[in-house]
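Notes follow the structure.
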Amino acid sequence: MLNGRKPRICIVNPYEHGGGAEYQIALLIDALVACDRYEIHYLTRFVDSRDRSRNYRVSKIGGEGPIPRLGYTMDGPSLYRKLREIDPCLIYQRVACGYTGICALYSRRRSVPLLWHVSHDTDVTREYLDRSRNFLRLRLEKWWVEYGLRHANRIVVQTHDQDELLQSNYGRTADAVIYNFHPPAAGTIDKSGPLTVIWIANLKPWKQPEVFVRLAKSFDARDDARFVMVGAPAAAPDRTGWQASLMRAIEATPNLQYVGHKTLGEVNDWLARAHIFVNTSTHEGFPNTFVQAWQRDAAVVSLSVDPDHALERQRVGIAAHSESELIAAVRTLIEKPDVRAGYASRGREHATARHSLRNAQELVRLIESWRRK
């Protein structure tokens, strides 16, 4: 660290803006800035191009254009140089990729603590999140992720399930389990409109949007519910055919509306009006949309994802285990408003108790205790 300045924290992530991990990082930065003790640097390949203000410094790493053919590991020299230039007291890395290992390499050589924050269940398994990609790229990225996992000074996970996966697959125990955090819901919750079943995610194969399309189609004879999909279209060139097929299926489903990408505020507005939120992903970390839905009285139904079995154990949603069970669960929630209201009420209480900004403060306290003095 350079003398005469605040200690520097480097946050390293492929994207500055976009998904749930980036939203959690933004909330963490707000909490760190509120301490007024650190200079925050955000190192990323994809800088947010919007005209916006920042309470941190952002540095682009890597080249121009899309993700390199062999993945984020190719940005390693650029990332390493930038870390050496900034000389941080701690590195916080989120989203498992080649950056995880490069940060660990720098951490070991320069004796700078690395805090790795797990963002997805597959981060702590031997599996690949997306098998449709170039296998050499997948293997290279996974090698560096596992190097980072072995050598990170501290590991924070989102759920106890992830801690168990970390132990069983890699023999490490998480230093902390910190649930995702959210500010209190703002705006008005208004359920007076048409009964709405909503799906929210960027369009990716492992999010399985086609399952929601089939769900909507199974209700196309009814006129008492509408189905809405929210999410950015697939950006990768190799997914053009997959997305075209998905769009044709959506257009052929008359009771289904696809509204495209929406800002975080717009997503929350949709949830404030929606009655049922459906998740169809094969894997997740901890879906921020679960918390957003709970905060806004939308009953949650999930096909495969149930972090720490909260849906079943706390009765804050319905964990379906097949498409037929998913259809049955949604039918029950449409036809029985008292059941739907019960899930919504318990979900709201659960979000307040488990997912408040107190969790961000806990993470800040850990960072302060772990950083290089």
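FYI, it's all coordinate maths here, none of it is from the lab. Quick caveat: nothing in here was measured; it's all calculated off a predicted structure. Ideal geometry is used to build each Cβ from the backbone, glycine not excepted, and the neighbour counts take in all protein chains shown.
What the table below lists for this structure:
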{"read-out": "J(HN,Hα) series, region 247-254, from Karplus relation 6.51 cos²θ - 1.76 cosθ + 1.60, nearest Hz, glycine and proline x", "value": "4, 5, 5, 4, 5, 8, 10, x"}
{"read-out": "Residues with amide H under 5 Å from that of Ser59, placed H, sequence gap 5 or more", "value": "Tyr42, Leu43, Thr44"}
{"read-out": "Karplus-derived HN-Hα couplings along region 31-38 (A = 6.51, B = -1.76, C = 1.60, θ = phi - 60°), whole Hz, x at Gly and Pro", "value": "5, 5, 5, 4, 5, 6, 10, 9"}
{"read-out": "Hits among lysines - C-alpha to C-alpha of Lys142 under 22 Å, sequence gap 8 or more where chains match", "value": "Lys204, Lys207"}
{"read-out": "Crossing angle, helix 209-218 versus the chain [Cα axis fit, 0-90 degrees, rounded to tens]", "value": "10 degrees"}
{"read-out": "Within straight-line cross-link reach of Lys336, lysines at Cα separation under 26 Å, skipping those fewer than 8 residues along the same chain", "value": "Lys191, Lys217"}
{"read-out": "Computed lengthening from Leu195 to Asn55, 0.36 nm per intervening residue step minus Cα-Cα distance", "value": "46.4 nm"}
{"read-out": "Extension gain from Ala252 to Ala341, taking 0.36 nm per residue of separation minus the Cα-Cα distance", "value": "28.9 nm"}
{"read-out": "Most to least packed among 344-355, 327-338, 52-63 [average Cβ atoms within 10 Å]", "value": "344-355, 327-338, 52-63"}
{"read-out": "Partners for Lys82 among lysines (Cα-Cα distance below 16 Å; same-chain residues under 8 apart left out)", "value": "Lys60"}
{"read-out": "For region 308-373, alpha-carbon Rg over 2.2 N^0.38 Å", "value": "1.63"}
{"read-out": "Peptides ranked, highest mean first, by Cβ atoms within 10 Å: ranges 277-285, 19-27", "value": "277-285, 19-27"}
